[in-house]
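Sharing a structure below in structure tokens format, with a few things to ask.
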Amino acid sequence: MRLHDEQGQALILALAFLIFAGLVIAATLTYAYASELSTQRLGDQRNTAYAADGATDAAVQIGRLDATLGAYGDARYHATDPTSATTPFLLTTTSNDNTTATVICTWSQDPLYPDRSVTFSTFVAGQTGPVVRAKVAYGDRSVGGTPPIPASISAWTYCTHGPSC
């Protein structure tokens with residue numbers, strides 16, 4: 001046996017290369033899976049936000065055409081801002097990706113103020129609380145309640161981005 005015999009070193013080098021390549025491939029696949037998962041989650045979040053935005057905007061437009069929407073004491077609407085999707089509903093929509101959004105209207109709290117101040121809370125199926133809450137003032141007195149009624153949006157809050165709702 002010689003001291004500097006090179007027999008078997010190619011096997012060791014081949015095994016080291018295979019282990020290194022396996023680790024690199026495993027790390028790359030883990031990164032690709034995480035990237036795919038975050039892309040999917042971002043798409044879900046985007047679909048939820050778009051469905052809630054669209055439904056809330058539709059509700060605001062309905063209020064421009066219907067002077068009774070959110071009028072003080074209207075039994076079809078809520079007296080306080082809801083924290084869950086409870087009836088009565090103002091509007092329910094379904095988007096192209098089958099995301100269902102439900103809008104609940106809260107009526108004005110001041111019976112003496114001639115303009116309506118309405119809060120729209122939009123809930124999306126699968127979410128526990130409201131996704132969007134919009135506060136809208138309708139200028140009924142400026143047009144005598146004749147549609148289309150001007151609307152001024154004072155707040156448009158995304159509730160899922162913090163504890164603000």
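If eta is 1.567 mPa s and T is 4 °C, what Stokes-Einstein diffusion coefficient results for the chain, Kirkwood Rh from Cα pairs, in µm²/s? Intermediate results must be reported in sequence, preceding the final value.
Details: Rh = 19.4 Å.
D = 67 µm²/s.
Right, here's the next one. How much length is gained if the chain between residue 11 and residue 28 is pulled fully straight, taking 0.36 nm per residue apart and subtracting their Cα-Cα distance, in nm to one decimal?
Numbers: separation 17, 0.36 × 17 = 6.12 nm, distance 2.55 nm.
My answer for the length gained is 3.6 nm.
Where is the GNM fluctuation largest for the chain (alpha-carbon springs, 10 angstrom cutoff): 17, 123, 89?
For the chain, modelled as a Gaussian network with Cα springs under 10 Å, the answer is 17.
Return, in residue-number order, each cysteine of the chain whose C-beta is not under 4.7 Å from any other cysteine's C-beta.
By the Cβ distance rule, which asks for a partner under 4.7 Å, the isolated cysteines are 105.
Find the all-direction average of the projected area of the Cα convex hull for the range 119-161, expressing the result in square nanometres with one decimal place. Provide the component values of the computation, followed by the final result.
Details: hull surface 14.3 nm².
Averaging across all directions leaves 3.6 nm² for the Cα convex hull.
Here is a follow-up. Let me spell out the model: positive unit charges on the Cβ of Lys and Arg, negative unit charges on the Cβ of Asp and Glu, origin at the Cα centre of the chain. What dipole size does that give, in debye rounded to 20?
Values: 9 positive and 13 negative charges, 42 e Å.
The dipole of the chain has a size of about 200 debye.
Can you give the accessible area of residue 107 in Å² (nearest 10), computed on protein heavy atoms with a 1.4 Å probe?
Accessible area, nearest 10 Å²: 40 Å².
So, one more: At 7 Å along the Cα-to-beta-carbon direction for both residue 42 and residue 79, put a label point, then send me their distance in nm to one decimal.
4.6 nm
Looking at the chain as a GNM with Cα springs under 10 Å, which of 122, 93, 102 has the largest mean-square fluctuation?
Checking each option, the largest mean-square fluctuation is seen for 93.
With bins 5 Å wide starting at 0, give me the P(r) of the range 6-92 over every alpha carbon pair, in whole percents.
2, 10, 10, 13, 9, 6, 7, 5, 6, 5, 5, 5, 4, 4, 3, 3, 2, 1, 0
Something else: Can you list residues from other chains, or at least 5 along the same chain, whose modelled amide H is less than 5 Å from the amide H of residue 132?
Residues meeting the criterion, in which the H sits 1.01 Å from N, are 122, 159.
Assuming 0.36 nm per residue, please report the length gained on full extension of the stretch residue 96 to residue 135 beyond their Cα-Cα distance. Let's see the in-between values first.
On the way: separation 39, 0.36 × 39 = 14.04 nm, distance 2.65 nm.
Between residue 96 and residue 135, full extension yields 11.4 nm more.
Hey, another quick one. Under 10 Å, Cα contacts only: if you run a Gaussian network model on the chain, which one of 54, 144, 129 comes out with the highest mean-square fluctuation?
Judging by the Gaussian network model, the answer is 144.
The values are calculated or read from the model by the stated rules, or taken from the named source; none is laboratory data. Nothing here was measured: the structure is a model prediction, and the numbers come from that model. Using ideal geometry, Cβ is built from the backbone for each residue, glycine included, and neighbour counts are taken over all protein chains shown. Just so you know, the surface numbers come from the protein's heavy atoms only, side chains and all, with ligands and any DNA or RNA stripped out. Shrake-Rupley method; radii C 1.70, N 1.55, O 1.52, S 1.80 Å.
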